[in-house]
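Peer 1: This structure is in structure tokens; I'll ask about it shortly.
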Amino acid sequence: MSASQWRRSKHIREENMTTFLTRRAALLVAATCAATLGLSAIAEAQSSIKIGYAISRTGPNTGGAAVTTIPNYDLWVKEVNAAGGIKLGDKRVPIEVVQYDDRSNAEEAVRALERLINQDKVDFILPPWGTGLNLAVGPTLNREGYPHLAATAVTDRAPELAKRWPNSFWLLGTSADAAKSLVELLSKLRDEKKIGDTVAMVSIADGFGIDLSSAARPALTNAKFKLAYDKSYPIGTQDLAPIVNEIKALNPDVFIAFSYPPDTLALTEQARITGFNPKVFYTGVGTAFPLYRAKFAKNTEGVMGIGGWSGDSPAIKDYLARHKASAANGAEPDRWASAVTYASLQMLQQAIERVGKIDRAAVIKDLQTGSFDTVIGKVKLENNMPTRFWWVGQWQNGEFYGIAPAKNEGARTAIVPKPAWVAP
Amino acid sequence: MTNAILTGLMLGGMYALIAMGLTLQYGVARIMNLSYGEFLIAAAFASHWLFTGWAISPFVGLALVVPLAFALNFAIYKVLLTPLVRRAPNRDALEVDSILATFGLTFVIQGSMLAMFGGAYYSYSYLAFPVQFVGETVAANRLAALGITIVVGLVLYLALTRTRAGTAIRAVAVDPFAAQLVAINVPQASALTFALGGALVAAAGVLVSTFLTFSASSGVVFTMKALIVVVMGGVGNMLGCLVAGLALGLSEALVASYVDPGLTLAVNFALFLAVLLVKPAGLFGRATR
Amino acid sequence: MSARSAILGALALAALALLTFVPRLGNPYYLALAISLLQYTVLATAWGMFSGPTRYVSLATTAFFGVGAYTVAVLGEVLPWPLVLLIAAALGAILAALVGLSTLRLSGVYFVIFTFGLTELIRQLVVWFEVNKSRVLGRYVFVDITQSDIYWQLLLLTVAVFLLGWLIARSRLGFALRVIGEDETVAKHCGIDTTFAKVALFAISATIMTLVGAIMAPRWTYIEPSIAFNSMISFQVLIMALLGGAHRLWGPVLGAVPLTLLFELLSARFPNTFTIILGCIFLLIVYLLPRGVAGLFEKLPAKLRGENIKRVAA
């Protein structure tokens, strides 16, 4: 047998193998399909509350959804069902979940919701992760009269949207509010002579960064801060060293970054490496993530960021413990939108239980007017928005405490100036 | 200025490192590998797992991950891609088939990583301390990655130009049919080169994971970056890959420092498009057709 | 041949008749699904219209789609709807002509990557402009357009695309393109203005894609660059057209329809393992259907006629 013949016969064997494998895979797919279909047919017969959601399990939003949203949805469903379900009148009804992947895509998210509503006929819908997707699904939820508890969307149009879509609740507040709180804190620190008045600000060129920086810009100038640096950088920038180096040369008192998780980590890392240690070091989304503490450990001390929670409150401590017990690999929640997301689910449950039946209009009404006991304390909405937000948090001794607005219950005093970076 | 240039070099070195494997896979084995970035992320996860779970330093991890990636990619080429190579009547057809097949592979790998690690961001600290280099403070891990890139690039360049096997590989890159006529075992050379490319991207993944935050779905970013560098440098050309990577990194750092960080990526793409318009086959590419 | 054309025509008419009933079902989900099907059908057909005969693989679908969507985001609330669509179409055509003139001399993968780079460049420029000049990123579109309006517009566009494709295939332009696809040098020697032919077709295909983006935009209320310029659209369209078979006008439909339905089914049944299953199915398709779905349909009559089909790379 010549070499080429041998190769050919080997090749045929390979091909046979491939065909065999592919056939087996096809069978497997068919069997799994059939099994799933069978299961859902059985579930149909039970009396339950059907709750549906489409969440980003693939695509660029996955990182956020996997930290903030999915573990809380899972935790809540598990806890409610362990307790027998949601109380409707005098009996408890378990939750049945229908979930889709929106692939981080607005069109998919809208269509998945239309499917949930019309095909699966779900009783309630939990929102997707992120500002863009929450805005994209707003009209659909409004048209179909489902309550929309947006717990991961920050938008300045929130008050206007709440008016336009009375079924929508904007639990994370507006960027104008965020900027105002931050500037108030900075002004107070300056009055206390703890910081000077030069500020360097960078923002990511995406909805979040632009909204916040355009709100912070006038607020800072009105408060007579000097804006020494004010630039944005595109999503996907892989080295932020030039930005940090340039800012370091300007030697500002305050560093503000309205950044996304990968950049938040990269900016902090770069600042530590170049020894850029301003009196106030504030970074954006991701500062409140457990990953941030895991990566920077002692170096988190004194770092400020967006979000925060009342880390001393027993309710929060209890929530943290339950979250760790329930999530995969014992993951902790982030210290900003996670607790708000969980609170939004508690509100939904309390509203349904008060109404006592599946009456979405009544549930929306109750959400608008009622008051709720949640892990983030008592919540009573005004114009479909909470009255109390945590806008600035600070890592103190391994916990990310809320420090502003200072009038919030449980607010800690800021550690300023930030301690020097230490070698890891 | 020194600082901007140094940052640019380190960034550019990273781009070149990311792209080197693809220029082999695409230039020699003729596989337009869309799942390239997923392999990079998989290696990053492996390194993260070794480091956090077993306290194995990423540089030691290289010795484990790289051979494994070589074997895996060799197997993938033999099992999944050889049937496509055999059935393709010409290069265009193979390109289309390999795009489709590796696109499917992308989903499989990404899905497996999502199932194993979830969608969250991952990051760890290794060699994350400042070092002084030509009077500037830079991160040790980035500098180390640049050093390794240069070494790997040089070794590969010498291997390709000075050894018999390297000459065979270059011959396959130029013309697989003619290469066959001079008794080069083209299928074998292609499989080995594809696997070598896979090993390189795994090395890139391990090195990059020491300073970048990644998640199971961030592979596509690296695929695209690599494609751009490869095409800009000229497909299958190591030197072109290095020059294009450095050019992109330098332009990014200089624009960020002196113009506007908001325009870095736009300038990158503009530079890339401009090069293609002036030299349609890339900086060091041979004109085809 | 004429019998087959008649059958195809009858099938197309029947499909059209069925499609006009969808909005009357009164089920928004079916409507949404139908919108999705039409969207990808039009995009994939438009893609195949250019890439099929010329064999240029373009990843610029997203660029044109995004330009259409952004035109609506900027002008949707200030100008009457038909005018917005017209402007979007004009922008798409101009952009395509410019790109076409400068890039069509690139061949093979260089063109692929160039078109991808172009999409990213446009997206980066839009972001930069919004951030630094208009100081907003993410625009709200509150226009008075219902889901069934979107559906009817897309249906109309679908019909137009197929008519256009059919006409082109019968025109001198279509013939010229087929010659170019076979051998560009021969085409030049025959006195065919290859550049003009390619640019013209590229512009037509791009204009259609831009229109799809513009028509779809009101579905989302909120438009930001990452939504409008989602590069997945380029890949999905490419895969659909190649799967269906880009060398036939009706080929891409055969990829777009089953794949859209498949994505829908999988993301519904297996939200957690969706990606893995999708990947496996993809690989199966590549190995089992080398010539696309259109190839399957061609095989049958060819066997009956006892002919051998010459393999043509899609």
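The values are calculated or read from the model by the stated rules, or taken from the named source; none is laboratory data. Keep in mind that this is a model prediction, so the values were computed, not measured. Here the Cβ is made from the backbone with ideal geometry for all residues, glycine too, and neighbour counts use every protein chain on show. Just the protein is used for accessible areas: all its heavy atoms, side chains included, with ligands, DNA and RNA removed. Shrake-Rupley method; radii C 1.70, N 1.55, O 1.52, S 1.80 Å.
Peer 1: What's the total accessible area buried between chains B and C, using a 1.4 Å probe, rounded to the nearest 100 Å²?
Peer 2: Interface area, both chains combined: 3800 Å², rounded to the nearest 100.
Peer 1: Counting Lys and Arg as +1 and Asp and Glu as -1, what is the net charge of the other residues whose Cβ lies under 11 Å from the Cβ of A:S56? Present the calculation step by step, with values, prior to reporting the outcome.
Peer 2: Values: positive: A:R57, A:R103; negative: A:D101, A:D102, A:E108.
Surrounding charge for A:S56 is -1.
Peer 1: Under a no-solvent Debye model with one identical scatterer per Cα of segment C:137-211, what's log10 I(q)/I(0) at q = 0.16, 0.18 Å⁻¹?
Peer 2: Here log10 of I(q) over I(0) equals -0.70, -0.79.
Peer 1: In whole angstrom, how long is each semi-axis of the equivalent ellipsoid of segment C:95-179, when you take the square root of 5 times every eigenvalue of its Cα gyration tensor and sort them from largest down?
Peer 2: Its equivalent ellipsoid spans semi-axes of 31, 26, 9 Å.
Peer 1: Now, a different point. Averaged across C:126-138, how many Cβ atoms of other chains sit within 10 Å of each residue's Cβ atom?
Peer 2: So the per-residue partner count for this stretch is 6.
Peer 1: Please report how far the C-alpha centroid of segment A:278-325 lies from that of segment A:192-223, rounded to the nearest whole angstrom.
Peer 2: The two parts, judged by their Cα centres, are 21 Å apart.
Peer 1: Inside 10 Å of the C-beta atoms of A:201-214, what's the mean count of C-beta atoms belonging to other chains?
Peer 2: 4
Peer 1: Rounded to a whole number, what % of the accessible area of segment C:1-96 do carbon and sulfur atoms account for, probe 1.4 Å?
Peer 2: Numbers: 3040 of 3870 Å².
With neighbouring chains kept in place, the figure for segment C:1-96 is 78 percent.
Peer 1: Please compute, for peptide C:229-238, the average count of beta-carbon atoms on other protein chains lying within 10 Å of each residue's beta-carbon.
Peer 2: On the way: counts 0, 8, 2, 8, 2, 0, 5, 1, 0, 4.
Partner-chain Cβ atoms within 10 Å, mean over residues of C:229-238: 3.
Peer 1: Using Cα positions and a limit of under 18 Å, work out the aspartates and glutamates in reach of A:K50, with same-chain residues fewer than 8 apart set aside.
Peer 2: A:D74, A:E79, A:E96, A:D101, A:E114, A:D120, A:D123, A:E144, A:E353, A:D359
Peer 1: How many percent of the alpha carbon pairs in chain C exceed a separation of 34 Å? Write out the running numbers ahead of the final one.
Peer 2: Numbers: 11026 of 49141 pairs.
Counting pairs separated by more than 34 Å, the tail of P(r) holds 22 percent.
Peer 1: Peptides B:19-26, C:5-12: what's the order by average Cβ count within 10 Å, highest mean first? List each step's numbers first, then the result.
Peer 2: Values: B:19-26: 29.9, C:5-12: 11.4.
Most protected by this proxy first, the peptides run B:19-26, C:5-12.
Peer 1: Now for a different question. Could you work out how far helix B:264-278 tilts from the main Cα principal axis of chain B, as a 0 to 90 degree angle to the nearest 10?
Peer 2: 30 degrees
Peer 1: While we're here: For segment B:46-142, which trypsin sites (Lys or Arg not before Pro) are in a loop by DSSP, counting at most 10 other Cβ atoms within 10 Å?
Peer 2: none
Peer 1: Ignoring ligands, DNA and RNA, please state the percent of accessible area on chain B from carbon and sulfur, probe 1.4 Å.
Peer 2: Working: 7470 of 10230 Å².
Here it works out to 73 percent.
Peer 1: When only DSSP loop residues count, what trypsin sites (Lys or Arg not before Pro) in segment A:106-156 have their Cβ near at most 16 other Cβ atoms within 10 Å?
Peer 2: Those that pass, being in a loop and sparsely packed, are A:K121.
Peer 1: Kindly rank A:151-163, A:261-273, B:31-43 from highest to lowest mean number of other beta carbons found within 10 Å of each residue.
Peer 2: Going by the mean number of other Cβ atoms within 10 Å, highest first, we get B:31-43, A:261-273, A:151-163.
Peer 1: So what's chain B giving for Rg/Rh, alpha carbon basis, Kirkwood Rh from the mean inverse pair distance?
Peer 2: Rg/Rh: 0.96.
Peer 1: Relative contact order, percent, of chain A when contacts are C-alpha pairs under 8 Å separated by at least 6 residues?
Peer 2: Relative CO of chain A lands at 15 percent.
Peer 1: Using Cα pairs closer than 8 Å and at least 6 residues apart in sequence, work out the relative contact order for chain C, in percent. Walk me through the numbers on the way to the answer.
Peer 2: Values: 397 pairs, mean separation 97.5, N = 314.
Dividing the mean separation by the residue count of chain C yields 31 percent.
Peer 1: Another question, if that's okay. Restricting things to alpha carbons, find the Rg to Rh ratio for segment A:270-424 using the Kirkwood radius for Rh. Write down the numbers at each step before the final one.
Peer 2: Values: Rg = 17.8 Å, Rh = 16.9 Å.
On the Cα set of segment A:270-424, Rg over Rh gives 1.05.
Peer 1: Nearest 5 percent is fine: what portion of the DSSP beta bridges confined to segment A:294-414 is antiparallel?
Peer 2: That works out to approximately 95 percent antiparallel.
Peer 1: Roughly what % of Cα-Cα distances in the protein assembly as shown sit above 60 Å, to the whole percent?
Peer 2: Roughly 8 percent, rounded to a whole number.
Peer 1: Normalising by the residue count of segment A:78-167, find the relative contact order in percent from Cα pairs under 8 Å and 6+ residues apart.
Peer 2: 20 percent
Peer 1: With a Förster radius of 45 Å, plug the Cβ-Cβ distance of A:A362 and A:D318 into 1/(1 + (r/R0)^6) and report the FRET value to the nearest 0.05.
Peer 2: Result of the calculation: an efficiency of 0.90.
Peer 1: Taking only protein heavy atoms into account and a 1.4 Å probe, give the accessible area per residue of segment A:358-424 in Å².
Peer 2: I get 48 Å² per residue for this part.
Peer 1: Counting only protein heavy atoms, what percent of the accessible surface of chain A is carbon or sulfur at a 1.4 Å probe?
Peer 2: Its accessible area is 56 percent carbon and sulfur atoms.
Peer 1: Run the reach check for A:K317 against aspartates and glutamates, Cα to Cα strictly under 12 Å, same-chain hits fewer than 8 apart removed. What comes back?
Peer 2: A:E332, A:E399
Peer 1: Quick one: net charge of A:V244's neighbours, Cβ under 14 Å, K/R +1, D/E -1? Intermediate values should be presented prior to the final figure.
Peer 2: On the way: positive: A:K231, A:K248, A:R272, B:R142; negative: A:D239, A:E246, A:D263, A:E269, B:E136.
Once positives and negatives cancel, what remains is -1.
Peer 1: Moving to a separate point now. Taking 2.2 N^0.38 Å as the expected size of a compact globular protein, what ratio does the Cα radius of gyration of segment A:57-175 give against it, to two decimals?
Peer 2: On the way: Rg = 14.6 Å, N = 119, 2.2 N^0.38 = 13.5 Å.
Segment A:57-175 yields a ratio of 1.08.
Peer 1: Per residue, how much accessible surface does segment C:77-144 expose to a 1.4 Å probe? Answer in Å², no decimals.
Peer 2: Per residue, segment C:77-144 has an accessible area of 43 Å².
Peer 1: Still on this structure, I have one more. Within chain C, which is the longest segment that contains none of the GluC sites (Glu not before Pro) sitting in a DSSP loop with at most 16 other Cβ atoms within 10 Å?
Peer 2: In chain C, the maximal stretch lacking such sites is C:78-306.
Peer 1: Total Å² of accessible surface buried at the A-B contact, 1.4 Å probe, nearest 100?
Peer 2: 3200 Å²
Peer 1: Let me ask something else. Any idea which of A:N251, B:L11, A:A66 is furthest toward the positive side of the dipole for the protein assembly as shown, if Lys and Arg beta-carbons carry +1 and Asp and Glu beta-carbons -1?
Peer 2: It is B:L11.
Peer 1: Just the accessible area per residue of segment B:166-211, please: how many Å² with a 1.4 Å probe?
Peer 2: On the way: 1610 Å² over 46 residues.
With all protein chains present, segment B:166-211 gives 35 Å² per residue.
Peer 1: Mind ordering A:125-135, C:169-179 by average Cβ neighbours within 10 Å, highest first?
Peer 2: A:125-135, C:169-179
Peer 1: From the helices alone, meaning DSSP H stretches of at least four residues, give me the mean residue ellipticity at 222 nm for the protein assembly as shown, per-run term -39500 (n - 2.57), in deg cm²/dmol to the nearest 500.
Peer 2: Rounded to the nearest 500, the figure is -21000 deg cm²/dmol.
Peer 1: Further question on the same structure: Please give the solvent-accessible surface of A:H323 in Å², to the nearest 10, using a probe radius of 1.4 Å with every protein chain present.
Peer 2: Accessible area of A:H323: about 0 Å².
Peer 1: Okay, next question. Pairs A:K163/A:K380; A:K224/A:K418; A:K279/B:K225; A:K193/A:K418; B:K279/C:K133: which exceed 25 Å Cα-Cα?
Peer 2: Among A:K163/A:K380; A:K224/A:K418; A:K279/B:K225; A:K193/A:K418; B:K279/C:K133, the Cα-Cα distance tops 25 Å for A:K279/B:K225; B:K279/C:K133.
Peer 1: Per q in 0.08 1/Å, what log10 I(q)/I(0) does a Debye calculation on the alpha-carbon atoms of chain A return?
Peer 2: The Cα Debye sum returns log10 ratios of -0.50.
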